[in-house]
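For reference, the structure is listed below as structure tokens.
The values are calculated or read from the model by the stated rules, or taken from the named source; none is laboratory data. Predicted model only: the values in this text are computed from it and were never measured. Glycine also receives a Cβ, built like all others from the backbone with ideal geometry; neighbour counts cover every protein chain displayed.
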Amino acid sequence: MIEKSTIGFLKAIKTNNNKEWFDKNKDKYLAAKENIENNVALIAKEMAKFEKGMADINPKKCVFRIYRDVRFSKDKRPYKTNLGASLNPGGKRDMQGGYYLHIEPSKSFLAGGVYMAETQQVNAIRQEIDYNQKEFLKITGATDFKKYFKTLDAEDKLKATPKGYDKNHPLIDVLQNKHFIVMHYMKDDFLVHKDFAKKTAIIFKAMLPLNLFLRRALDL
């Protein structure tokens, strides 16, 4: 489970986002980071039952740094207010049909799919959806899928019709996406449940058919 002390640390850093406070409380950060790593290990163990390669991932290499890169940002806060981890056999930077854990008080979520793909990859995914519309609809209409996700996330979605497609295409709403991800938001009481890792793995498993479809599109 996610410890209450981890949630407490993240709440505190939101209102004390400065180096002086962080340095005085670095032990709390390290404990929170270790808590996330331990949960990643448990989640990966459960996921290994349905995802090849999960049994071999290093939890310590899955968790993202809390330090923000402020060089080109107007927001100069030095620290993130969340702890995130990418669970992928290809490493935490590989979101080509992978999984993401985001822990942030009142804003925690699980995500999966393909995020920030290159133009060529986006085109390949759109083509795969176009060529296999029935299969895609079967995946996104499955009971397990609908239980946790309504539809693909619409972040950065195009307003115009993608080049090469008709505006009346039956799946034009999907083809306008630039990211092909799903998200499931979690309440704080879900995080502290004793079966958090198992329940998280179940939700990630519901993403698997979509991830397999996307990986095939990218020939992975």
Could you tell me how many of the residues in the range 120-169 are free of Cβ contacts under 8 Å to residues at least 24 places away in the same chain, in a helix (DSSP H, G or I) and over 24 Å from Asp219 (Cα atoms)?
2
Failed condition for Ser86, given (1) surrounded by fewer than 18 Cβ atoms within 10 Å (Cβ to Cβ); (2) among the hydroxyl-bearing types (Ser, Thr, Tyr); (3) assigned to a strand (DSSP E or B), with all others met?
(1)
Go through the range 156-199 residue by residue and tally those that are surrounded by 13 or more Cβ atoms within 10 Å (Cβ to Cβ) and among the basic types (Lys, Arg).
4
Could you tell me whether Lys167 is over 30 Å from Met1 (Cα atoms), of a type in the set (Lys, Arg) and out of contact with any Cys (no Cβ under 7 Å at 6 or more places or on another chain)?
yes
Out of the residues in the range 61-83 that are of a type in the set (D, E, K, R) and surrounded by fewer than 12 Cβ atoms within 10 Å (Cβ to Cβ), which is modelled with the highest pLDDT?
Arg65
Output the number of the condition that Phe196 fails; it satisfies all remaining conditions of (1) aromatic (Phe, Trp, Tyr); (2) under 20 Å from the mean Cα position of the chain (by Cα); (3) closer than 23 Å to Gln96 by Cβ.
(3)
Of residues in the range 1-41 being in contact with a Phe, Trp or Tyr (Cβ under 8 Å, 6 or more places away or on another chain) and closer than 30 Å to Ala206 by Cα, the one surrounded by the fewest Cβ atoms within 10 Å (Cβ to Cβ):
Met1
